[in-house]
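Below is one structure, written out as structure tokens; the observations come after it.
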Amino acid sequence: IKNVIMIKNLFDNLNLKNIEHFLYISSDAVFNLDQKKINSKTIPSPNDLYGLMHLTRENICKFKLPADKITILRPTIIYGKGDSHNSYGPNRFIKQISKNEAVKLFGKGTDIRDHLYIDDIIKIIFRAIKSNKNGTFNIASGNSYKFIEVVQKIKKLTKKKINVEYIKVNNEPTKRYFNISQTKKIFKINFTNLSLGLKKYLNKL
């Protein structure tokens, strides 16, 4: 509710006539985890308050401004140097390994997700602003991995002995795959593959 109020207050205090281009960074959380395959035509259907908040803010943007002035980006899990969120995935795993802590995986680490390198989302934001690209775009690398595979890639790059602890969960493993052909075509970008992104991340630590 506070996040929705935040964007309401923003629009209440802006002169909308002066806005030439408005870019909103949303989240792939607008899709629920039953939606395994996401493409540019997939209809949002959030199943938690975080996803609902982002979808609500997207709709407020669309209500306040004409379509030709809005760009909405829906990135998946972002990883890279400077992360402050400590999200489950490369960011948390690398921090745990750097502190010589065990990597903690839910279930057997078999949930499947796409992971987006920070430099790629920055490039897209820059190009969206510079070229005034309008519309709503899902932002992901286009390649999904099990979390245990992410840990294995980090282990290979660091050549460290990594202890893994498995946290018991009751739910079945979830999967998410992205078809980002529209995003690649519009923004003319080749996304960083996970191994290279992890290598760049580790080299910056």
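The values are calculated or read from the model by the stated rules, or taken from the named source; none is laboratory data. The model shown is predicted, which means the values in this text are computed figures rather than measured ones. Cβ coordinates were reconstructed from backbone atoms using ideal geometry, including for glycine residues, and neighbour counts include every protein chain displayed. Heavy atoms of the whole protein, side chains included, go into the accessibility calculation; ligands, DNA and RNA do not. Shrake-Rupley method; radii C 1.70, N 1.55, O 1.52, S 1.80 Å.
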Considering region 1-32, residues that are in contact with an Asp or Glu (Cβ under 9 Å, 6 or more places away or on another chain) and of a type in the set (A, V, I, L, M, F, W, C), and then whichever is farthest from Glu172 (Cα to Cα), we arrive at Val30
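To keep it simple, each residue is scored yes or no on (1) farther than 21 Å from Val30 by Cβ; (2) among the charged types (D, E, K, R); (3) in a helix (DSSP H, G or I).
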| residue | (1), (2), (3) |
| --- | --- |
| Asp120 | no, yes, yes |
| Ile125 | no, no, yes |
| Ile129 | yes, no, yes |
| Asn138 | no, no, no |
| Ser141 | no, no, no |
| Val151 | yes, no, yes |
| Lys156 | yes, yes, yes |
| Pro173 | yes, no, no |
Only unsatisfied item for Ser84, checking (1) outside any strand (DSSP E or B); (2) at pLDDT 95 or above, is (2)
Given the residues Ser144, Ser181, which is the only one that is under 23 Å from Lys36 (Cβ atoms) and either open to solvent by 90 Å² or more (accessible area, probe 1.4 Å) or in contact with a Gly (Cβ under 9 Å, 6 or more places away or on another chain) (or both)?
-> Ser181
Give me the pairs: first residue in region 179-205 and part of a helix (DSSP H, G or I), second residue surrounded by 13 or more Cβ atoms within 10 Å (Cβ to Cβ) and among the basic types (Lys, Arg), beta-carbon distance under 8 Å, and six or more apart or on different chains, which are they?
-> Ile186/Lys133; Phe187/Lys123; Phe187/Arg127; Phe187/Lys133; Leu194/Lys153; Ser195/Lys153; Leu198/Lys153; Tyr201/Lys81
Determine, yes or no, whether Asn9 is in a loop (DSSP other than H, G, I, E, B) and surrounded by fewer than 14 Cβ atoms within 10 Å (Cβ to Cβ).
-> no
Of the candidates Ile118, Ile125, the one satisfying the condition of being touching an Asp or Glu at 6+ places or on another chain (Cβ under 9 Å) and either of a type outside the set (Gly, Ala, Ser) or buried (at least 20 other Cβ atoms within 10 Å of the Cβ) (or both) is Ile118
Going through region 23-34 one residue at a time, which ones are surrounded by fewer than 18 Cβ atoms within 10 Å (Cβ to Cβ) and either within 10 Å of Ile139 (Cβ to Cβ) or in contact (Cβ under 8 Å) with a residue 24 or more places away in the chain (or both)?
-> Leu23, Ile25, Leu33
Determine which member of the set Lys69, Lys37, Lys64 is open to solvent by 80 Å² or more (accessible area, probe 1.4 Å) and either modelled with pLDDT of 95 or more or among the β-branched types (Val, Ile, Thr) (or both).
-> Lys37
Just one of Glu165, Glu172, Glu101 is touching a Leu at 6+ places or on another chain (Cβ under 8 Å), among the charged types (D, E, K, R) and open to solvent by 50 Å² or more (accessible area, probe 1.4 Å); which is it?
-> Glu165
